[in-house]
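Undergrad: What follows is a structure written as structure tokens; I'll ask about it next.
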Amino acid sequence: MQRDKEHPPILTDHVERYLERVQRPRDSALAELERDARKNDVPISGPIIGTFLSILARSTGARNVLEVGTATGYSGIWLVRGMKEKSGKLTTIEMDPERQKMAKRAFEKAGLPEGSVEMILGDARKVVPQIARERQGKFDIVFMDVGDKSLYGELLDDCLLALRKGGLFIVDDTLYRGVAIPSFKTAKPKTMRAFNKRLFSDERIEAEILSVGDGLAIAVKK
């Protein structure tokens, strides 16, 4: 993977290349989304984190998952495929109508069970609080991966309200663009540092950050 000063490596290059090599081959639906991401610079979680999301969904017996940031549907496919007995439901929010259309096609191509995905088009700032009020404590997993990192802290309380006790709050990009390097003082690292500080100090959850991809935070609601 090509690096620049705004994308300092979290893993060493040889470890990252090794992990990419040992992944199982993806089917045509996921492979197509990976090609599109490389061609059009679309941020997706990638196969390492995708596999991990599927494992978490499967191991927790998740039946209801809330995803904040559908993008092109890549992580959503992994999550649905990990849900218990294919009876689970993914509620996924996206504000870009073109990306939502692409995600709908990807879900269909992936052969996800009928009724397993509820797609909501709208601004997460409005949609997530509404879902949290209407479905308080109903979700086994809440996964957040959006481009506007200020939403992470802004929607933290609502995400935890929507999550059941013992449920998992998962957040991508928590080590994004040099978060761990003090000399990086641009907006996104500063925003993510503030969010990470909140995550570790919040008494409602127990959290940790894994140094894979661009950093993956996992928190369990007490």
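The values are calculated or read from the model by the stated rules, or taken from the named source; none is laboratory data. None of the values given here were measured: they were computed from a predicted structure. Heads up, the Cβs are rebuilt from the backbone with ideal geometry, glycines too, and the neighbour counts pull from every protein chain shown.
Undergrad: Looking at segment 196-203, is at least one residue modelled with pLDDT under 95 and surrounded by fewer than 21 Cβ atoms within 10 Å (Cβ to Cβ)? If you could, list the steps in order and put the result at the bottom.
TA: Start the filter on segment 196-203 by keeping residues that are modelled with pLDDT under 95, which leaves none.
Checking segment 196-203: not a single residue is modelled with pLDDT under 95 and surrounded by fewer than 21 Cβ atoms within 10 Å (Cβ to Cβ).
Undergrad: Still on this model: When both residues are 6+ apart or on different chains and their Cβ atoms are under 7 Å apart, which pairs have a first residue that lies in segment 116-132 and is in a strand (DSSP E or B), and a second that is charged (D, E, K, R)?
TA: Matching pairs, first to second residue: 118/89; 119/104; 121/94.
Undergrad: Search segment 69-110 for residues being assigned to a strand (DSSP E or B) and among the hydroxyl-bearing types (Ser, Thr, Tyr), and hand back the single one that is farthest from the chain's Cα centre (by Cα). So that I can check it myself, show each step before the final result.
TA: First, pick out the residues of segment 69-110 that are assigned to a strand (DSSP E or B): 89-94.
Checking which are among the hydroxyl-bearing types (Ser, Thr, Tyr) leaves us with 91-92.
On the way: 91: 13, 92: 11 Å.
Among them, the one singled out is 91.
Undergrad: If residue 147 satisfies every condition in (1) crowded, with 16+ Cβ neighbours inside 10 Å; (2) outside any helix (DSSP H, G or I) but one, which is the exception?
TA: (1)
Undergrad: Something else about it: Output the residues belonging to segment 165-192 that are surrounded by fewer than 16 Cβ atoms within 10 Å (Cβ to Cβ), among the charged types (D, E, K, R) and touching a residue at least 12 places away in the same chain (Cβ under 8 Å).
TA: Step one: of segment 165-192, the residues surrounded by fewer than 16 Cβ atoms within 10 Å (Cβ to Cβ) are 165-166, 181-183, 185-187, 190.
Next, only the ones that are among the charged types (D, E, K, R) stay: 165, 185, 190.
Result: 165, single match.
Undergrad: Sticking with this structure for a sec: Residue under question is residue 72, and the condition is that it be in contact with a Ser or Thr (Cβ under 8 Å, 6 or more places away or on another chain), crowded, with 21+ Cβ neighbours inside 10 Å and of a type in the set (Ser, Thr, Tyr); does it hold? Before you say what the answer is, go through the steps one by one.
TA: Numbers: in contact with a Ser or Thr (Cβ under 8 Å, 6 or more places away or on another chain): no; crowded, with 21+ Cβ neighbours inside 10 Å: yes; of a type in the set (Ser, Thr, Tyr): yes.
The answer is no for residue 72.
Undergrad: Which pairs turn up if I take residues in segment 12-28 that are modelled with pLDDT of 90 or more and look for partners that are surrounded by 10 or more Cβ atoms within 10 Å (Cβ to Cβ) with beta carbon separation below 6 Å, at least 6 apart in sequence or on another chain?
TA: That search, which allows pairs on different chains as well, returns 23/47.
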